[in-house]
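Have a look at the structure below, then the notes.
Here, each number is a calculation from the coordinates, and none is a lab measurement. Everything quoted here is computed from the prediction, not taken from an experiment. Cβ placement follows ideal geometry from the backbone for every residue including glycine, while neighbour counts extend to all protein chains displayed.
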Amino acid sequence: MRHVSVCHVSDNSGVMCVHGIRRWGPAAVALTLLAGAFQGIQASPAAAVGCFRATCSGKDPIDMGCDDDAELLQQVTELDGSVVIRLMWSYMCQGVWAKISRDLDTSPDYVYGTLWTTRDPEGGVQQADTTGLLADGVAGSYTKMQNWKKTSAKACWNDVDAQYDPMPLRYIVNNNDASMPTVHGSCTDWL
């Protein structure tokens, strides 16, 4: 008979392995997976989540518990490291938000963080959710969430105004293309 080791990776307790002979392999796998399933139910952050998709729009990701499983979608860091803008999302909440941090000694005096969203991946009307101006001595902040399922999103920072997009898709004014070059900040890609 051959010896078999069956291992299960658990989110909370690491790796659990069952060693045995070949005839116990299927039983050990079933028991290990069952134990992992029950452990997942008990440790699930779903109980702490206060919103899902559309009900997350305009809500605070920390107040809703969505930061518990937050993942970084994309990050842009200034070459001098003075400002970092991140596009964050939560699987459990299906919400997306922007998170900004800065070096208080080297960043510009005025720093705004903005989550830009649009329902049309090719452009369309952009909506902004902003941190506003980061006050003196404030090294970081984040925006409210938007429904990840129904939007395309990007995270930006700038030193002009809360409603200023340093990388607009396209600005049209009086039927003329008034798009500007990238200045005064940076953005993640549209995701």
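Protection proxy ranking, highest mean first, for peptides 76-86, 157-167: 157-167, 76-86, where packing is the per-residue count of other beta-carbon atoms within 10 Å, averaged.
Its relative contact order, with pairs defined as Cα atoms under 8 Å and 6+ residues apart, puts segment 52-109 at 32 percent.
Given 0.36 nm per residue, what is the gain on full extension from VAL138 to ASP103 after removing their alpha carbon distance, in nm?
On the way: separation 35, 0.36 × 35 = 12.60 nm, distance 0.95 nm.
Result: 11.7 nm gained on full extension.
Here the gap between ASP161 and VAL183, fully extended at 0.36 nm per residue and compared with their Cα-Cα distance, gives a gain of 6.7 nm. Here the simple spin-label model places points 7 Å from the Cα toward Cβ, and for ASN176 and LEU72 these points are separated by 4.2 nm.
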